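First comes the structure, then the notes that go with it.
The values are calculated or read from the model by the stated rules, or taken from the named source; none is laboratory data. Quick caveat, the model's predicted, so the values are computed rather than measured. All Cβ positions, even for glycine, are placed from backbone atoms using ideal geometry, and neighbour counts span all protein chains on display. Protein only, heavy atoms only, side chains kept; ligands, DNA and RNA dropped before computing areas. Shrake-Rupley method; radii C 1.70, N 1.55, O 1.52, S 1.80 Å.
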Amino acid sequence: MAQVSLKSISKVFPGNVQAVQNVNLGVENKEFIVLVGPSGCGKSTTLRIIAGLEEATGGDVYIGDQLVNDIPPKDRNIAMVFQNYALYPHMSVYDNMAFGLKLRKYPKAEIDKRVTEAAAILGIEKLLKRKPRELSGGQRQRVAVGRAIVRKPLVFLFDEPLSNLDAKMRVQMRTEIKKLHIRLQTTMIYVTHDQVEAMTMGDRIVVMKDGVIQQIADPLKLYDRPVNRFVAGFIGNPPMNFVKGVIFKKDSKWYFNEGAFQVKIIDAMVPKIASYLDKEVIFGIRPEDIYDKLFVSEAPAENTVRATCEVIEPMGSEAYLYLNTGKNSLVAKVGGHDKPAINQDMDMVFDMSKIHFFDKDSDNTLV
């Protein structure tokens, strides 16, 4: 069994720099879990503590049922894939993949078997005699993964392994790594700053900020039910729109007033925001939940907002409209053929069943 448990892990660097604060995390056997967050949030430090490359200032790390705080990295039965590949330039692909096994005195036949199997899994059988300088970035990353596979570890650790690849290769390699997880059925912990990688790869995602875990959930729960404004803004592309305004009541109906526009709040949300009547809150709506009224068959006037289209970004099957309400800027994700004139006023319809409210002081989600 290859569960990984972090219990009250913290890490303080010299100068009283708090990199990780009271991290508690349980990774299930065979789970693919992703640590995601902006640079400096503590995700790589957490991974390195699991690997034994950093010593935790406080807390315990378990791999399976074994406490590994005092066990050196080489004895933790983990394999790590780094961002920079870390291949030996003078060695062939075969020797790079076999190097760790040779150090552990494995029999030559066993080494050859493991390298051949890993090469077949990764589709690099024809590259075994080449040197790293003769490989593309994607091929080098496959070799780095292959070097980890041959060890047959309990846990794979990936530290931003796709950061050095171009956009097309990143898409291909994240699919390959996901296929690899399905095939090997091994526990994998993956670190990235790219929320698209996190959403497409992880069984569960750990969102971190300033060394603190903000939320742990599956991708759809993070998207639909973020616990705070940070998670809501970090997950999703383009990011969620946020505007300040006041909740008020008129003729037994509840509204949000931004200043330049107001929209009706659906009845199901009222109990959760009732205590914020006549108070300022943060209103959040995702770009994909804002529609051009021209393409909506039935658009309630109380959910329609007049805005000026300032910039259009065509993306092929969709387009991003950068809008100005007169007080705030919004982004809408619409169909690729929806191309309003620049600086043209247009009516946009908000899907009020998809909106969120956040406390303006704590940033916690209200609904």
Requested in this report: Those residues that are within 22 Å of N29 (Cα to Cα) and of a type in the set (V, I, T), I need them from segment 157-186; list them, please.
Outcome: T175, I177, I182, T186
Query raised in the report: Any residue in segment 15-35 that is open to solvent by 60 Å² or more (accessible area, probe 1.4 Å), in contact (Cβ under 8 Å) with a residue 60 or more places away in the chain, assigned to a strand (DSSP E or B) and closer than 16 Å to I189 by Cα?
Result: yes
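Suppose we filter T365, T308, T325 for residues that are over 30 Å from V227 (Cα atoms), surrounded by 14 or more Cβ atoms within 10 Å (Cβ to Cβ) and of a type in the set (S, T, N, Q); which single one remains? Lay out the reasoning, then the answer.
Values: T365 fails: over 30 Å from V227 (Cα atoms); T325 fails: over 30 Å from V227 (Cα atoms).
Just a single option satisfies the conditions, and that option is T308.
Determine which member of the set K179, K131 is without any contact (Cβ under 8 Å) to a residue 12 or more places away in the chain, out of contact with any Asp or Glu (no Cβ under 8 Å at 6 or more places or on another chain), more than 12 Å from V34 (Cβ to Cβ) and open to solvent by 50 Å² or more (accessible area, probe 1.4 Å). Write out each step before concluding.
Numbers: K131 fails: without any contact (Cβ under 8 Å) to a residue 12 or more places away in the chain.
Testing whether each residue is without any contact (Cβ under 8 Å) to a residue 12 or more places away in the chain, out of contact with any Asp or Glu (no Cβ under 8 Å at 6 or more places or on another chain), more than 12 Å from V34 (Cβ to Cβ) and open to solvent by 50 Å² or more (accessible area, probe 1.4 Å) leaves just K179.
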Report summary line: Only one of D203, D218, D224, D210 is on the phi > 0 side of the Ramachandran plot and open to solvent by 10 Å² or more (accessible area, probe 1.4 Å), namely D210
Query raised in the report: Mind checking which residues of segment 36-56 are of a type outside the set (D, E, K, R), closer than 22 Å to D75 by Cα and either within 21 Å of the chain's Cα centre (by Cα) or not in a loop (DSSP other than H, G, I, E, B) (or both)?
Result: S44, T45, T46, L47, I49, I50, A51
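Could you go through segment 227-243 and let me know if any residue there is touching an Asp or Glu at 6+ places or on another chain (Cβ under 6 Å), closer than 30 Å to V206 by Cβ and of a type outside the set (V, I, T). It would help to see each step written out before you state the result.
Step one: of segment 227-243, the residues touching an Asp or Glu at 6+ places or on another chain (Cβ under 6 Å) are 228-229, 243.
In the following step, the residues that additionally are closer than 30 Å to V206 by Cβ were identified as 228-229, 243.
Narrowing the set further to residues that are of a type outside the set (V, I, T) leaves 228-229.
Yes, there is a match, as at least one residue in segment 227-243 is touching an Asp or Glu at 6+ places or on another chain (Cβ under 6 Å), closer than 30 Å to V206 by Cβ and of a type outside the set (V, I, T).
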Query raised in the report: What are the residues in segment 240-286 that are part of a helix (DSSP H, G or I) and either modelled with pLDDT under 95 or open to solvent by less than 60 Å² (accessible area, probe 1.4 Å) (or both), if any?
Result: M269, V270, I273, A274, Y276
Requested in this report: Pick out, from segment 111-221, the strands (runs of 3 or more DSSP E) lying fully within it that include 2 or more residues that are of a type in the set (S, T, Y).
Outcome: 187-192
Report summary line: Given the conditions (1) modelled with pLDDT of 95 or more; (2) open to solvent by less than 20 Å² (accessible area, probe 1.4 Å), every one holds for G138 apart from (1)
Report task. State the number of residues belonging to segment 287-313 that are at pLDDT 95 or above, more than 15 Å from Q262 (Cβ to Cβ) and β-branched (V, I, T). Result -> 4
Report task. Mind counting the residues in segment 314-341 that are of a type outside the set (K, R), free of Cβ contacts under 8 Å to residues at least 40 places away in the same chain and in contact with a Pro (Cβ under 9 Å, 6 or more places away or on another chain)? Result -> 2
Query raised in the report: Which condition number does S163 fail, the rest of (1) more than 21 Å from T46 (Cα to Cα); (2) among the small types (G, A, S); (3) surrounded by fewer than 16 Cβ atoms within 10 Å (Cβ to Cβ) being met?
Result: (1)
Query - Residue satisfying all of: in segment 350-362; outside any loop (DSSP other than H, G, I, E, B) and open to solvent by less than 10 Å² (accessible area, probe 1.4 Å); farthest from L321 (Cα to Cα) among these - result: F358
Query - Single match in K168, K131, K126, K178 (criterion: of a type in the set (K, R) and touching a His at 6+ places or on another chain (Cβ under 8 Å)) - result: K131
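Right, T192: of a type in the set (S, T, Y), at negative phi and at pLDDT below 95 or not? Don't jump to the end; show me each part of the working.
Details: of a type in the set (S, T, Y): yes; at negative phi: yes; at pLDDT below 95: no.
For T192, the condition - of a type in the set (S, T, Y), at negative phi and at pLDDT below 95 - is not met.
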